[in-house]
Amino acid sequence: MPNFDHQTDLPAELLPTTGRALLHRIAVAQSEGRAPSLVAGVQRGGRPVWSGARSMIDGHAPTTDVQYRIGSITKTFVAVLVLRLRDEGLLDLADPLGRHLPGTPADAATVAQLLSHSSGLTAETPGPWWERTEGSLRPELADLLETEKPLKHPAGRLHHYSNPGFALLGALVEELRGEHWGEVLRREVLEPLGMTRTSLLPEAPHAGGFAVHPWADVMLPEPLTDTGRMAPAGQLWSTGEDLARWAAFLAAGDEKVLAHATLAEMRRPAVAPEDADWTSAYGLGLALYRHEGRLLYGHSGSMPGFTAGLWISEQDGLAAYALANATSGANTSVLAAELIALTAAHEPRLPEPWRPLAEADAEEELLALTGPWYWGAAPHALRLRAGRVLEIGPLAGGRRESRFQPQPDGTWLGLENYYAGETLRIVRRADGSVSHLDLGSFVLTREPYGPAEVVPGGIDPKGWHAG
């Protein structure tokens, strides 16, 4: 009998047919992308359930313990360090960088703008190309940006990817922690999560990086550079096993590192996508990507000799990574997304079983609040959910539906959509009975526009009438 994961009611490993489909997909990617080697994996419910690898050498393929350079996936790690500082009260996301790290050409850019690539800063450093040259060529922060025109767009208006922006965030971590950002990362993030094979410089066993000739099947080794101050933009090396741990953390959080609520904040789009039918957006250090009807979050990465992709699907409870050691060819970002889609198609996620509320949540007073309420003449429904959460929304649907979490002062706090952060109050009469609901000044009553004394502006004395 198969071994089942009792959290998902699905086998702890993928079915053989699913594994075969995934293996075929990475084999095609390695062959058609002409990658010297490629390793990939899938996890479900935070647990690895499949991994596979292909190589140009017969009988030899990399394991999930071989390091590859992960490029801009590094930015997700730097963002976590910055959000830790925010959660500790050492900075605010609205702070201008100059408040904590003065003297750079980006003094006016806010921390949030740097995290979301909406600061308007230039995409790259002044030459030479930083990814293929030693960081000693840019020893100072001022060397990372053009001095005359570092801003290419008005701050906060649109998404414009900036590698130097994340280099400045790494320097911000160093300024507030008083030590190198890589050491802070090791102590505060990598060690608590058990990620012992993620490092700034390669540690054996690791793959070598190659460029593959565009018109002939020959290769050229790429240099293994230490990019110095630009390292927060894309320096890290990691393994399949460690990226699986990172994906599990990004999905669920870990109180030792960062709360789930903060990670949820990171994956909300920070600026509106320019395309109405958008396929990609950016949060706070996390990219968002629409693929085959599902919304993924994570990041892609590339450095000379390597490409990488890491995506998570909240709706499917799945994550996937793909790593290759060629500068171009194998699109590991798309490949990781396709591995999620394949797995979900072969083994769709089972819905959670219906269960009744816990006795502590099913208070008679709260049950009495459920049912129809009216904002003016618009009918709404209030439902009671687990944890004494109230869910209110118009019967016609729309983005004004929201859950409200109970607060110590007897109010409820809106969690999403139009009412996110707004307060719901239960207003009572002198005898203790419920008069109406006050939702951010909107009055909801048990009947349309009534009773008159609680409706803002009152109601016509004739009341409801025909004609």
| task | Considering only region 41-77, state which residues are within 24 Å of T227 (Cβ to Cβ) and of a type in the set (S, T, Y). | result | Y68, S72, T74, T76
| message | I need every pair where a residue in region 146-157 that is β-branched (V, I, T) has its Cβ under 9 Å from the Cβ of a residue that is surrounded by 10 or more Cβ atoms within 10 Å (Cβ to Cβ), sequence separation at least 6 or different chains. | response | T147/P105; T147/P126
| said: I'm trying to understand the selection: among the residues of region 52-71, which are among the polar types (S, T, N, Q) and either surrounded by fewer than 20 Cβ atoms within 10 Å (Cβ to Cβ) or at pLDDT below 95 (or both)? | reply: S55, T63
| query | Going by the conditions given, is E175 of a type outside the set (A, V, I, L, M, F, W, C), over 24 Å from the mean Cα position of the chain (by Cα) and in a loop (DSSP other than H, G, I, E, B)? | reply | no
| message | For the list (1) in contact (Cβ under 8 Å) with a residue 12 or more places away in the chain; (2) not in a strand (DSSP E or B), I need the number of the one condition that P372 fails. | response | (2)
| request: Look through region 1-14, keep the residues that are surrounded by 16 or more Cβ atoms within 10 Å (Cβ to Cβ) and among the hydrophobic types (A, V, I, L, M, F, W, C), and return whichever of them is modelled with the highest pLDDT. | output: L14
| For W311, which of the numbered conditions (1) over 30 Å from R34 (Cβ atoms); (2) within 24 Å of the chain's Cα centre (by Cα); (3) crowded, with 17+ Cβ neighbours inside 10 Å fails to hold? | (1)
| note | By residue number, the members of region 378-404 that are exposed (fewer than 15 other Cβ atoms within 10 Å of the Cβ) and closer than 18 Å to L366 by Cβ are A381, R383, R385, A386, G387
| query | Restricting attention to region 110-129, which residues are modelled with pLDDT of 95 or more and either of a type outside the set (S, T, Y) or touching an Asp or Glu at 6+ places or on another chain (Cβ under 9 Å) (or both)? | reply | T110, V111, A112, Q113, L114, L115, H117
| query | If you scan region 101-130, which residues turn out to be touching a helix residue (DSSP H, G or I) at 6+ places or on another chain (Cβ under 6 Å) and not in a loop (DSSP other than H, G, I, E, B)? | reply | L114, L115, L121, W130
| Every residue from region 87-100 that is within 20 Å of the chain's Cα centre (by Cα) and not in a loop (DSSP other than H, G, I, E, B) | D87
| note | Counting only residues that are within 30 Å of L91 (Cα to Cα) and aromatic (F, W, Y), region 160-219 contains a total of 3
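The values are calculated or read from the model by the stated rules, or taken from the named source; none is laboratory data. Because the structure is predicted, anything quoted here is derived from the model rather than measured. We place every Cβ from the backbone using ideal geometry, glycine too, and count neighbours over all the protein chains shown.
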